[in-house]
Amino acid sequence: MSVQQLYPGMDYSHYLYLRKEVESKASDKEDTRGLTVTSGCITISKDESDLIGISIGGGAPLCPCLYIVQVFDNTPAGKDATLEAGDELVGINGTTVKGKTKVEVARMIQATKTEVVIRYNKLHAEPKQGKSLDIVLKKVKHKMVENMTSSTADALGLSRAILCNDSLIKKLDELQRTEDMYRGLVDHTRRVLMGYFDLVRVCKELGNEFCKIGVREPQKAANEAFCKFGEYHRQMEKFGINMLKKTKPILKDLGTYLTKAIPDTKLTIKKYADVKFEYLSYCLKVKELDDEDYSYQALQEPLYRVETG
């Protein structure tokens, strides 16, 4: 079916023009890449220092949008808790901020005497959605580097992965050495106490035999000596059993420390280390994006990621 049949009275050139307009409007629609964006407006009163408590990033000429970098604690914005880091600034006091620099926007806020009306957009993203294969590989890279010396990491070109001197892995190794030491101590103590128990049992048997000899001994002095000697051996067995009873709770506490406390602590440290490796991986990704921005600026070439916000 021809254009004339679909739209009577419209020539083909007019049709192409309208089609181009429609396509251009469709292409101008912002691509949110499947994320949810909500808009809002908030009024914040300034404090005694004439501040609302936010820092701003982005803006012309390199970035088409302005966003909140940080919301400071104990400030009007921080106490209100509506604005968050990453929120896009759309307007100040009814004036759009599109195309402005962050310095110009800061001056707009400073020019307001008491209350600042801010229009903003919030981007709602699933935290797991941002995790890519690149992040996972960087995470593995951090785990490798933690067990290397600086010279080895330099030789392999992995030094950039060491963003801070983390002590979690060292603490984990130290905890493992402590566990091995206490486990050896408990095993050795158990063997010693078992040997001591056998010894006191022998003392009791010797005491019984000495008492039997003393009963059969016709001479009074020898009778008393053997009986007293046998009784001393029996007392040694009683004191030994009493000492073993007092030692048993100590061994039980050490066993709890080895089977409960140390494994729980190791699991906690491993979880913290895993989260920290992931955080460092994101830091490294941000650093690589910054390096990419600077390289494109030096070449004076446009960067699609920056141009589209």
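The packing ranking, built from the mean of other Cβ atoms within 10 Å per residue, places the peptides 88-98, 180-190 in the order 88-98, 180-190, highest first. Placing a label point 7 Å from the Cα of D47 along the Cα-to-Cβ direction, the residues of region 78-117 whose backbone N falls under 14 Å of that point are 78-81.
Sequence-distant contacts, meaning Cα pairs under 8 Å at least 6 residues apart, place the relative contact order of region 171-309 at 24 percent.
Rounded, prolate or oblate, given the Cα gyration tensor of region 177-309, with a/c below 1.5 counting as rounded?
It is prolate, given that a/c is not under 1.5 and a/b is the larger ratio.
Every number here is computed from the coordinates shown, using simple stated rules; none is lab data. Predicted, not measured: the structure shown is a model, and the values here were computed from it. All Cβ positions, even for glycine, are placed from backbone atoms using ideal geometry, and neighbour counts span all protein chains on display.
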